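Structure first, commentary second.
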Amino acid sequence: MRGYLGVTAHFMEMEARAPTLKSLLLRCDRFTGSHTGERIHEKFEEMCEYFNIRHKLDYIICDNAANMKKAFTTSFPSERSEREETDELENAALWEELADDFQEDVDAIQSSCRQQRLQCFAHTLQLVVRDGLKETKSLNTPMAKVSKLCSLLHSTCKIKEAFEETFGANRSIPSAVSTRWNSTLCLVDTVTNLDLQTLNTLLETQGHKELCLSTREWSQLNELVEVLSPFLQATDLTQGEKVVTISAALPCVLSLNSHLMAMQNTSRHLVNLVKTLQVSLKQRFQGIFVNVKMDHTPENTKTLPFGDAVYMMSALLDPSCCFFWLEQDVHAPDEAKNQVKQMIMDLILAETRKGSPEKPTCETGTDEEEAAAAPAKVPRLFSGYRKKNTLGVVDYNSSVQTELMRYIAHCSDEEELNCLEFWKKHAKTYPRLYPVAMRALSVPATSAAVERVFSQGGLIMRPHRARLSADTLTSLIYLKCNVSLM
């Protein structure tokens with residue numbers, strides 16, 4: 001086994017004011033020796049220095065492994081020393097002179113980079129599910145039967161043929177991967193979609209009566225699917241590569257909390273699972289619950305998991321989310337909701353005052369520019385959201401605050417909106433909000449992109465290519481993942 005360290009870069013590319021999310025592989029290098037936080041941090045600094053992106057980073061997304069936390073929790077790559085700065089050429093712009101306007105943009109970006117670490121949303125959600133399943137021993141017996149059935153289907157031709165004859169040609173049950181809870185859920189979901197009586201008859205006929213499921217066990221498995229399906233949907237929503245994902249993080253967490261609250265009143269067999277999931281959800285995503293006034297922990301929100309302001313700002317700046325989650329899934333008094341709403345608006349207004357790389361080109365848009373974006377399917381997880389205009393009549397003037405109010409009212413009047421399409425159409429309508437939105441929405445919610453890199457590496461490094469050198473493998477992975485650059 002060989003160790004590798006992969007780093008991907010994510011940014012919003014602007015082409016004719018058409019925002020497009022881009023992901024590139026920077027490096028996937030062989031990593032020898034102990035994988036300590038210090039060594040990972042050193043390697044990361046080398047990569048930043050090589051690509052000259054040390055002072056252009058807003059966030060780094062990584063999992064919750066102890067060495068990753070240690071590598072990036074304290075700080076991002078350290079500032080250069082005075083000695084290093086004096087080693088620079090007298091004319092720093094010798095190789096590429098920039099126009100004054102562009103130089104101001106670059107300086108503004110570099111001076112306002114946040115340089116903070118965020119946890120991978122999908123990995124944290126997986127830990128929540130693991131916490132719940134670990135405390136649910138009543139599922140051990142039915143899960144063991146289902147796993148054994150799956151194993152028999154993939155290892156015994158006779159049972160496989162009988163299964164296909166009973167349920168249809170090419171019908172099967174997907175195998176579960178021990179490290180992926182969602183594969184286990186897919187396994188259980190597939191089994192529960194079969195007819196119980198027919199399945200038990202098949203098992204008895206094939207001499208595996210011990211694998212027959214009782215009515216209670218069948219009900220437990222169906223309830224498990226009902227409880228965990230929204231978690232799977234939340235995972236899928238936040239692992240896209242060419243779509244906005246960060247804006248779904250906060251609404252997903254709050255919607256899952258509402259789902260678990262409802263399940264506590266309807267669950268018959270898995271009440272302990274539901275309660276454990278909710279406790280873990282509130283602990284692992286504590287920053288979100290504190291920010292929306294559903295947790296009153298007297299701590300600095302920035303130090304809490306998922307307490308960064310980007311989760312709130314991105315949710316508001318995604319027209320498919322806006323403030324709909326606030327009315328639907330924030331279980332707090334109206335006064336607290338109003339405080340949350342004002343706090344998020346203040347955060348965005350503060351960002352607009354910091355200076356942004358995009359210059360407003362027009363204060364108001366035409367009727368065509370105000371037209372709604374192409375409808376996009378609303379995720380079932382947020383199906384309860386209703387776009388209600390609670391702001392009343394707004395006086396459209398040129399202030400930044402009024403521009404924000406216009407945007408919120410606009411979202412309330414629309415039916416279904418695609419985030420990037422919306423901002424492409426309304427960049428001139430909301431010129432001050434546009435650069436803030438592009439910056440916040442470009443942050444990925446998960447580290448799924450790096451996992452895809454290693455999946456590509458696994459496809460390249462097959463047993464018959466086991467003699468590939470580390471450098472050759474690194475080059476092949478780099479070319480495969482960055483083929484769009486060619």
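FYI, it's all coordinate maths here, none of it is from the lab. Source: prediction; values computed, not measured. Every residue, glycine as well, gets a Cβ built from its backbone with ideal geometry; the counts of neighbours run over all protein chains shown.
For S484, what charge total do you get from the other residues with a beta carbon under 12 Å from its beta carbon, if Lys and Arg give +1 and Asp and Glu give -1?
Working: positive: K22, K242, K480; negative: E13, E241.
For residues surrounding S484, the net value is +1.
Mind listing the long-range amide H neighbours of Y59? Cut-off is under 5 Å, sequence gap 5 or more, other chains count too, H placed in the peptide plane at 1.01 Å from N.
Q115, Q116
Could you work out how far the C-alpha centroid of the range 286-318 sits from that of the range 440-486, in angstrom?
Value for the Cα centre distance between the two parts: 33 Å.
Alpha carbon centre of the range 3-61 versus the range 123-147: separation in Å?
Result: 34 Å between the Cα centres.
Within the range 254-336, which trypsin sites (Lys or Arg not before Pro) sit in a loop by DSSP and count at most 14 neighbouring Cβ atoms inside 10 Å?
For trypsin sites (Lys or Arg not before Pro) across the range 254-336 that sit outside H, G, I, E and B with at most 14 neighbouring Cβ atoms in 10 Å, the list reads R268.
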